[in-house]
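All remarks here apply to the structure that follows.
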Amino acid sequence: MRTFYYTFGCKVNQYETENIKETMLSEGYELTDNYSDAEICIINSCTVTAQSDSKCRQLIHKIKNVNPQCIIVLAGCFPQAFEKQAGNMEECSIVVGTGAKREIPSLIKRYILSGERIVKISLRTKGEPFEKMENSGADEKTRAYIKIQDGCDQYCSYCIIPTARGHICSKPLEDIAPEVSRLVGSGHKEIILTGINLCCYGRDFKNGTRLIDAVEAACGCEGDYRVRLGSIEPELISDEDISRMESLDRLCPHFHLSLQSGCDETLKRMNRHYDSAEYRNLCKKLRERFPDCAITTDIMVGFPQESDDEFHRSLEFVKETAFAEAHIFPYSRRPGTAADKLDGQIDKKTKHLRAAKMSEICAESKTRYLKNCVGKTFEVLFERETSPQWHQGHAPNYVTVRIPRESESVSLKRQMLKVKITSSDSEYCYGEPAD
Ligand code: SF4
């Protein structure tokens, strides 16, 4: 049976879809990237914002319109967080929450035999074991994600993820190196460690295991590869972590430190567990130990009760921190979160004006960061040819680098080459192979 897959949201979701796909392929299901001729469509949903829910619904309606006979499987965070709404989506033959994704192949078999609609959403409980998943990386990709952690207990006031993903659970430490070796063995040059709240890795083991132990395990295998960290929470990185990371040659000097706001009053209402001074101090320490490292981030604007003054303090802090890249999000109300009940919700127009202002500042910082790379030489991992003109890849600091193509028949995909940066613009660095 031809199967179509679509993933919304984060790297963890992408990893899980890959895993479902590998299992389905091993059971003889075929792949199609066109839902109009698929017999089964598996949608791995996200529910971080209201927009992600509506995009998911729109896709399901579209599929059902052009392909009414196909079996639609709706999985993941949307049904887990909003069971009633998702459960009522009759277009979906199978609806599963975040705790049962690995059962999708067997649930499809059951549905095909019985024809009875299946809704399987169970409450996520504390102490649930980590859902054992390992991807073989049979894809042709250059970079591979490894999900080492799931769940979150931080309860930031705007965030629905703890409801969707449940409590913290971690991949057994001894399972990390074998998966890295397999992925490196199948030609991947970069391994990205990812999770829902990566920094909480190992807490559920209650034996002092921390994220840094997982990073060292991932960096300790044979082969020509490098390791990148997914998004990390500022308050959970210690001085000892920084020292141990500094000694790992394979670790990419790129830290995605989620800020959300540069204003302490707003951070308090967000129930974030650090203030701007602590964030500033951490950035200073990282830049001292990893010169030229890239610090990237997520910033939310228009959080309830965010006054003009608070917004400007956030803007000034972001300007001062000079991020290499930033993702800007206008606050999105999520039923079931503490922030949804706050008065002083900000109107849409103001949110978008603030997002535009913040994006402008961050674009300037990014252009400056790229300019500072000129004259430097980086080991670039080439991933694709973007046009007849360019080979394109990423440097360890996650800067996108382009070098001219000599001939259209040559691909540098999956090659790691030293590149001297000769120029930059607002998006890319440009260079030439270094001797
Ligand atoms: S740390 Fe906060 S924002 Fe991140 S997943 Fe947990 S609750 Fe959500």
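Residues considered: Pro335, Pro253, Pro396. Largest GNM mean-square fluctuation over the chain, using C-alpha springs under 10 Å, is found at Pro335. Here the Karplus relation 6.51 cos²θ - 1.76 cosθ + 1.60, evaluated at θ = phi - 60°, turns the backbone of the range 55-67 into coupling constants of 4, 5, 4, 4, 5, 5, 4, 4, 4, 5, 5, 8, 9 Hz, with x for every Gly and Pro.
Carbon-plus-sulfur accessible fraction, the range 377-433 (probe radius 1.4 Å, protein heavy atoms only): 47%. Taking a straight line from the alpha carbon of Lys420, these lysines sit under 17 Å away, with near neighbours fewer than eight places off in the same chain left out: Lys371, Lys376. In the full protein context, the range 2-120 carries 44 Å² of accessible surface per residue, based on a 1.4 Å probe and ignoring ligands, DNA and RNA. Taken per residue, the accessible surface of the range 127-252 reaches 36 Å², heavy atoms only and a 1.4 Å probe.
For the range 81-141, the number of Lys pairs with C-alpha atoms closer than 22 Å, counting only pairs eight or more positions apart or on separate chains, is 9. The apolar share of the surface of the range 127-252, taken as the fraction of accessible area on carbon and sulfur atoms (1.4 Å probe, ligands and nucleic acids excluded), comes to 52 percent.
The share of accessible area on the range 35-97 that comes from carbon and sulfur is 50 percent, using a 1.4 angstrom probe. Relative contact order, whole percent, for the range 127-252 stands at 26, derived from Cα pairs under 8 Å and 6 or more residues apart. Backbone amide hydrogens, once placed in the peptide plane, bring Lys120 within less than 5 Å of Val95, Val96, Gly97, excluding anything fewer than 5 places away on its chain. Note on Arg182 and Glu235: the model spin-label points, each 7 Å out from Cα along the C-beta direction, lie 3.7 nm apart. Here r is the Cβ-Cβ distance between Glu408 and Glu432 and R0 is 22 Å; the resulting FRET efficiency, rounded to 0.05, is 0.75.
Adding -39500 (n - 2.57) for every DSSP H run of four residues or longer, then dividing by how many residues the chain holds, sets the calculated 222 nm ellipticity at -10000 deg cm²/dmol. Suppose R0 equals 35 Å; then what is the FRET efficiency for Ser114 and Lys348 from their Cβ-Cβ distance, rounded to the nearest 0.05? Approximately 0.15, to the nearest 0.05. Label-to-label distance for Lys341 and Ser359 is 3.4 nm, based on points extended 7 Å past Cα in the beta-carbon direction.
Among Gln69, Gln149, Gln260, the residue with the largest mean-square fluctuation in a Gaussian network model of the chain, with springs joining Cα atoms closer than 10 Å, is Gln69. Using θ = phi - 60° in the Karplus curve 6.51 cos²θ - 1.76 cosθ + 1.60, the 3J(HN,Hα) couplings for the range 319-328 round to 4, 5, 6, 6, 6, 6, 6, 9, 9, 9 Hz; x is entered for Gly and Pro.
For the range 377-433, the solvent-accessible area of protein heavy atoms averages 50 Å² per residue (probe radius 1.4 Å; ligands and nucleic acids excluded). Counting only DSSP beta bridges whose two residues both lie in the chain, roughly 35 percent are antiparallel. Remark: the Val66-Asp308 segment gains 82.4 nm on full extension, using 0.36 nm per residue and subtracting the alpha carbon distance.
The values are calculated or read from the model by the stated rules, or taken from the named source; none is laboratory data. The model shown is predicted, which means the values in this text are computed figures rather than measured ones. Note that each Cβ is placed from the backbone with ideal geometry, even for glycine, and that neighbours are counted across all protein chains shown. Calculation scope for accessible area: heavy atoms of the full protein, side chains included, ligands and nucleic acids excluded. Shrake-Rupley method; radii C 1.70, N 1.55, O 1.52, S 1.80 Å.
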